[in-house]
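Structure first, then comments.
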Amino acid sequence: MPTNAIANAGLRVRCNIWNLYIHLCWQTAEQQFIPALAIASAVSGNSVAYTNLALLSAQVKDFQTAIYYMKKYLLLVPESEDARSCQDKIYEWEVQITK
């Protein structure tokens, strides 16, 4: 698939996810985000997609998955500006799991 086609497919999926997100359909948005993550990675190696998937997972109270994706993001960009806040989110979600 040419790069433009991949980018267009990614944009289409992102628009669908955003629409589900604003209508509070968290689980469906999370399920559609996984293929979008593959597209984003293929296009640009977009590691930020992992934080978005982590936040969507936390929104549906799937804290194990949220932690997994946030750790994946931190492994890819350990020196990012938001690394500290991402790690704090992981700590927050770990507390939620033990409740």
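Taking every residue in segment 55-69 that is under 10 Å from Ile97 (Cβ atoms) and surrounded by 17 or more Cβ atoms within 10 Å (Cβ to Cβ) and pairing it with any residue that is modelled with pLDDT of 90 or more and not hydrophobic (A, V, I, L, M, F, W, C), at least 6 positions away or on another chain, the pairs with Cβ-Cβ distances below 8 Å are Phe63/Glu94; Phe63/Gln96; Ala66/Lys89; Ile67/Glu94. For Gln59, are the conditions met, namely being of a type in the set (S, T, N, Q), over 10 Å from the mean Cα position of the chain (by Cα) and modelled with pLDDT of 90 or more? Taking the combined requirement at face value, the residue does not satisfy it.
The values are calculated or read from the model by the stated rules, or taken from the named source; none is laboratory data. Predicted model only: the values in this text are computed from it and were never measured. Positions of Cβ are backbone-derived with ideal geometry, glycine not excepted, and every protein chain shown enters the neighbour counts.
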